[in-house]
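**Student:** One structure coming up, written as structure tokens, with questions to follow.
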Amino acid sequence: METGLILSSAGGIAGAALAAPLLSGVINRTKAVFAGRRGQPLLQAYHDIIKLLGKGAVYSRTTTWVFRAGPVIQFSCAALALALLPMGSRPALLAFPGDFICLAGLLALMRFFLMTAALDTGSSFEGMGASREAAFSALAEPVFLLSLAVLARLTGALSLSGMASRLALHPAEGSGPVLALTALALFVVFLAENARVPVDDPNTHLELTMIHEVMALDHGGPDLAFIQYAAQLKLWIMGILVVNALGLGGRGGWACAGGMAALAVLIGIVESTMARLRLLRVPQLMIGAGALSLLALLLTLVRP
Amino acid sequence: MKMRNAQSVPLSEIPRLAIGEFRVEVLRAVREGERLCAFFHHGGRLWAVLACDESGLLRLVSGEVQDSYAALTPECPQAHWFEREVCEESGIRPEGHPWLRPIRSGYADFYRVEGDEVHEVAVGPVHAGVIEPGHFRFQCHGEDVLHLEIALGYQRRGAQALIQGGPDRRTVHVMETLAGDTSIGHVLAYAQAMESLSGTRVPARALAWRGVALELERLANHCGDLGALANDVGYLPTASFCGRLRGDFLNMTALLCGSRFGRGLVRPGGVRFDAEPGRIEDLLRRLEAAARDSASAVGLLWKSNSVMGRFEDTGKLSREDCLALGLVGPAARACGVERDVRHDFPHGIYSYAQVPVSTAQTGDVLGRAFVRWLEMQRSLAFAKETLEHLPTGSIAAAPAPCAPERICVSLVEGWRGEICHVALTDGAGRFARYQVVDASFHNWFGLAHAMRGQQISDFPLCNKSFNLSYCGHDL
């Protein structure tokens, strides 16, 4: 790869790393508007991270190195995943055939360490959170891979960068329905994986109902900052995948940024207009998303 | 001995039975549909206040008791909590009680379900929100709750001991803070008891103001609860708007008396504040605006499928269980039980103006939410009607001293349900015993029961749908 291209990709990563916390700001602002409130500052997430980084951490005596390693590994996984991600018209820093499986693997590793760190505390709350996370992600992951497989089949490209650029620049004739189904399935996975309504409630203070938040309850200071930042990066990564599936990503930086902003507003609207699902119903939602992506796959198979 | 709500009778007229007869009498009454309003130990006797909702009559029975007696609970589950309380406070053992643990001095040996796959979840007493302390111990199988045990007592202030020997200058302030969100309800029960014991006639205008204040308290709390229910399922619009509306209702109470929680308004003999026509008009205007806003804010709940999906079939209680456990208030009415002090034992303004009883049939969170909304509408109508036709005249009669050696049972339908105050005076007209039973006392066990077989993740929602008082229980 040329040096210029590498620099451009690295610039994309830096931009994503800087902009990721802004997404939650846009989501929260949208929710505030719906609720008739003024809402927190757009940059609140940045202030929180800076504040947490300046604090010390407290560790329970029952925890081991797993608990301490968790936040750093989660952050590293998310940062590595950024390198696989094409943003705007820039290709990913690392693009190779089958890199989307590697991306799914990195996200799984991130989740694995989030869960083991939670289990390491021995708290019943965190155990319940980890068990829910494991159950729901076991359903979300196949849908995620299936959706990416649909995109690979549709575009004939096996790398995320290849998919993004072909979806944007050379969309196959009559691929609209397939893309719509895939994007919808990916959006559901996106909501589930990022602990948003209707699967989880990022605003709740009720430990018994939480999934993601409860696993971070015993982390504090810089550890919590790493977990929160890793979660924001993950929100960004999966958001980019949705935007790319719609063919917006490969059209350039502004289209990509616009798509991300629209996505954040959409999440805000979803969270403002519907209640959270009963936990028992979440598998049905994931199976529904799986059915959508399976249908999309069938459509690509019967296409000439 | 039969009597009406807030009617005082000489102590000597209360039958003094042997403990065996007492037990038979109480069990027979409960079997025939009466329910236990209060049950306590005083002066070597067990006292039971039985209420017959159909006839609107209260009955007092007492039985001589030594160190122990055969427990009522196995045949009368309503007595469960009461007998534990009596045993904790006086050491008198109800033999054969199935679960004789103290209810207010936290204890360690909880009921346990054994098994490799069963896990225990301990919640509280310190919670994640700014709420009162209480400990909840769940026995779970995965996400399913097999059993919930609730341990309270962290808010124990010894309020009943403070009242004993009264009334004095601080008594009314203790009443106002028995349960801070039910100030009007508890002071009203106290004032009714005092007026009955002293033979004071309360002016009609004061009765009307009391009714308005009690309904405003109901409105503020029901509205806040509906918002909190929406918040617990992550439904923001209703959560935000009801939060604001609750403030509007509280401010109406403040407009009347200067305190958002109605502190200082109701006093034995009448009320302390009156409003001139301008302020009454302002109140009416605010009521109308709040009625409009709450109809649209709460209406969103019923129209939203995702919310209905969460409310329906969550924390279901059957009508039979509700009757057996002796639940009161919206929790009982949500199970289709028509039980409302304002209707069954009317006193004060409610003797003249009817408020229809609001019921639902489902017994789940939806039922409890919907009953609250129905009650809000009826309270709004009642408050408007009362304000438009306020009687003229004074707002307070001079209080007189209490008559000696009498007993009075005073019931009020607070927003959580029935509030029962029992006052016994000694030879000098002072309180020899003052027993307070908040609605929460009846209903906490109902919450534990409603959680059986439910999802543990639905507990906060279920808990909010009951919204019981910790300090009202602990006293």
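The values are calculated or read from the model by the stated rules, or taken from the named source; none is laboratory data. Since the structure is predicted, the reported quantities are computational estimates derived from the model, not experimental observations. When we count neighbours, we look across all protein chains shown, and the Cβ atoms used for this are built from the backbone with ideal geometry, even at glycine. These area figures cover heavy atoms from the full protein model, side chains too; ligands, DNA and RNA do not enter into them. Shrake-Rupley method; radii C 1.70, N 1.55, O 1.52, S 1.80 Å.
**Student:** Determine how large the accessible area of residue B:55 is when every protein chain is in place; take a 1.4 Å probe and give Å² rounded to the nearest 10.
**Tutor:** Residue B:55 has an accessible surface of roughly 60 Å² with all protein chains in place.
**Student:** Cα centroids of segment A:106-152 and segment B:10-77: how far apart, whole angstrom?
**Tutor:** 57
**Student:** Continuing with this model, one more query. Obtain the radius of gyration and the Kirkwood radius of segment A:106-252 from its C-alpha atoms and give Rg over Rh. Please report the intermediate quantities before stating the final value.
**Tutor:** Details: Rg = 17.1 Å, Rh = 16.4 Å.
That ratio equals 1.04.
**Student:** Kyte-Doolittle cut-off -0.5, length cut-off 15 Å along the helix's own axis using Cα: show which whole DSSP H helices in chain B pass.
**Tutor:** The answer, listed by residue number, is B:19-31, B:183-198, B:204-232, B:236-257, B:277-303, B:365-388, B:439-450.
**Student:** Next question, about the same structure. When the chain is fully extended, how far beyond the present Cα-Cα distance does residue B:162 get from residue B:305, taking 0.36 nm per residue of separation?
**Tutor:** Fully extending the segment from residue B:162 to residue B:305 adds 46.5 nm.
**Student:** What area, in nm² and to one decimal, does the C-alpha convex hull of segment B:2-95 cast on average over all directions?
**Tutor:** Computed as one quarter of the Cα hull surface, the answer is 5.6 nm².
**Student:** Put +1 on the Cβ of each Lys and Arg and -1 on the Cβ of each Asp and Glu in segment B:1-149; which of B:122, B:9, B:135 then has its Cα farthest toward the positive end of the dipole?
**Tutor:** Checked the options; the winner is B:9.
**Student:** In nanometres, what is the gap between the two model label sites at residue B:354 and residue B:108, each 7 Å from Cα along Cα-to-Cβ?
**Tutor:** Label at residue B:354, label at residue B:108, 5.8 nm between them.
**Student:** Give me the accessible area of residue B:2, 1.4 Å probe, in Å² rounded to the nearest 10.
**Tutor:** For residue B:2, the solvent-accessible surface is approximately 120 Å².
**Student:** Another one. Give the B-A buried accessible area in Å², both sides summed, 1.4 Å probe, nearest 100.
**Tutor:** Accessible area lost upon association: around 2200 Å².
**Student:** Still on this structure, I have one more. Expressed as a fraction of 2.2 N^0.38 Å, the rule-of-thumb size for a compact globular protein of N residues, what is the C-alpha radius of gyration of the protein assembly as shown? If you can, show how the numbers build up before the last one.
**Tutor:** Numbers: Rg = 30.9 Å, N = 779, 2.2 N^0.38 = 27.6 Å.
Compared with the compact-globule rule of thumb, the protein assembly as shown sits at 1.12.
**Student:** What are the principal axis extents of the Cα atoms in segment B:159-440, in Å, biggest first?
**Tutor:** Each principal axis gives a Cα extent; for segment B:159-440 these are 61, 48, 30 Å.
**Student:** Which parts of segment B:173-211 would a label at residue B:12 reach, counting a residue when its backbone N lies under 20 Å from a point 7 Å out along Cα-to-Cβ?
**Tutor:** B:197-199
**Student:** Determine the gain in length on full extension of the stretch residue B:173-residue B:24; use 0.36 nm per residue of separation and subtract their C-alpha separation, reporting nm with one decimal.
**Tutor:** Computed gain between residue B:173 and residue B:24 is 49.7 nm.
**Student:** Hey, any idea what % of segment A:20-144's accessible area is carbon plus sulfur with a 1.4 Å probe?
**Tutor:** Values: 3850 of 5700 Å².
Roughly 68 percent of what the probe reaches on segment A:20-144 is carbon or sulfur.
**Student:** Here is a further query. Taking all pairs of distinct Cα atoms, average 1/r, flip it, and tell me the Kirkwood hydrodynamic radius of segment B:1-159 in Å to one decimal place.
**Tutor:** 17.8
**Student:** Tell me the label-point distance for the pair residue B:319, residue A:59, using the 7 Å Cα-to-Cβ offset, in nm and rounded to one decimal.
**Tutor:** Going by the 7 Å Cα→Cβ label model, 6.1 nm.
**Student:** For B:97, B:421, write out the residues from largest to smallest accessible area, computed with a 1.4 angstrom probe and no ligands counted.
**Tutor:** B:97, B:421
**Student:** How about segment B:230-260: which of its residues lose at least 50 Å² of accessible area in the presence of all protein chains relative to their chain isolated, using a 1.4 Å probe?
**Tutor:** Those residues are B:234, B:236.
**Student:** For chain B, what does -39500 (n - 2.57) per DSSP helix run (n ≥ 4), summed and divided by total residues, give at 222 nm, in deg cm²/dmol to the nearest 500? Can you show the working numbers first?
**Tutor:** Working: 16 runs with 202 residues, N = 475.
Dividing the helical sum by the residues of chain B leaves -13500 deg cm²/dmol.
**Student:** If B:267, B:246, B:84 are ordered by their accessible area, calculated over protein heavy atoms with a 1.4 Å probe, which sequence runs from highest to lowest?
**Tutor:** B:246, B:267, B:84
**Student:** Going from most exposed to least, what order do B:59, B:279, A:29 have by accessible area with a 1.4 Å probe?
**Tutor:** Order by accessible area, largest first: A:29, B:279, B:59.
**Student:** Right, another one. With just the Cα atoms defining each centre, how far is segment B:369-402 from segment B:421-465? Give it in Å.
**Tutor:** Between the Cα centre of segment B:369-402 and that of segment B:421-465, the gap is 25 Å.
**Student:** Something else about it: Please report, in cubic angstrom per residue, the volume enclosed by the convex hull of the alpha-carbon atoms of segment A:3-302. Display every interim value, and only then the final one.
**Tutor:** Numbers: hull volume 37.8 nm³, N = 300.
Convex hull of Cα atoms, per residue: 126 Å³.
**Student:** What number does chain B give for Rg over Rh if you use C-alpha atoms and the Kirkwood radius?
**Tutor:** For chain B, the value is 0.96.
**Student:** Could you give the length gained on full extension between residue B:31 and residue B:4, defined as 0.36 nm per residue of separation minus the Cα-Cα distance, in nm?
**Tutor:** 7.6 nm
**Student:** Please calculate how many Å² of accessible area chain B carries per residue, with a 1.4 Å probe and no DNA, RNA or ligand atoms counted. Display every interim value, and only then the final one.
**Tutor:** Working: 16750 Å² over 475 residues.
Value returned for chain B: 35 Å² of accessible area per residue.
**Student:** Can you give the charge dipole size of segment B:2-95 about its Cα centre, rounded to the nearest 20 debye, using +1 on the beta carbon of Lys and Arg and -1 on the beta carbon of Asp and Glu?
**Tutor:** Dipole magnitude for segment B:2-95 comes out near 220 debye.
**Student:** When the Kirkwood hydrodynamic radius is evaluated over all pairs of different C-alpha atoms of segment A:1-69, what value in angstrom, to one decimal, is obtained?
**Tutor:** Details: mean 1/r = 0.0645 Å⁻¹.
When all Cα pairs of segment A:1-69 are included, the Kirkwood radius is 15.5 Å.
**Student:** Taking the mean number of other Cβ atoms within 10 Å as a proxy for protection, how do you rank B:398-410, A:239-251 from highest to lowest?
**Tutor:** For the peptides B:398-410, A:239-251, the packing ranking is A:239-251, B:398-410.
**Student:** Per-residue ellipticity at 222 nm for chain A, helices alone: DSSP H runs ≥ 4 residues times -39500 (n - 2.57), over residue total, nearest 500 deg cm²/dmol?
**Tutor:** That calculation yields -24500 deg cm²/dmol at 222 nm.
**Student:** Right, here's the next one. Residue B:75 accessible area, nearest 10 Å², 1.4 Å probe?
**Tutor:** Rounded to the nearest 10, that gives 120 Å².
**Student:** Just counting partner chain Cβ atoms within 10 Å, what average do the residues of peptide A:195-204 show around their Cβ?
**Tutor:** Taking all residues of A:195-204 together, the mean is 3.
**Student:** Using the basic label-point model (7 angstrom from Cα toward the beta carbon), what is the residue A:284 to residue B:126 distance in nanometres?
**Tutor:** Here the answer is 4.0 nm between the modelled labels.
**Student:** Now a separate question. Rank-order B:196-206, B:337-347, B:222-232, B:290-300 by packing density, defined as the average count of other C-beta atoms within 10 Å over each peptide's residues, highest first.
**Tutor:** The most tightly packed comes first, giving B:222-232, B:337-347, B:196-206, B:290-300.
**Student:** Over all directions, what mean area does the Cα convex hull of segment B:333-475 project, stated in square nanometres?
**Tutor:** The number I arrive at for segment B:333-475 is 10.8 nm².
**Student:** Rounded to the nearest Å, what's the spacing between the alpha carbon centres of segment A:1-60 and segment B:219-233? Just the number, please.
**Tutor:** 33
**Student:** What number, in percent, do you get for the relative contact order of segment A:3-302 if the mean sequence gap of Cα pairs under 8 Å and at least 6 apart is divided by its residue count?
**Tutor:** Reported as a whole number, the value is 30 percent.
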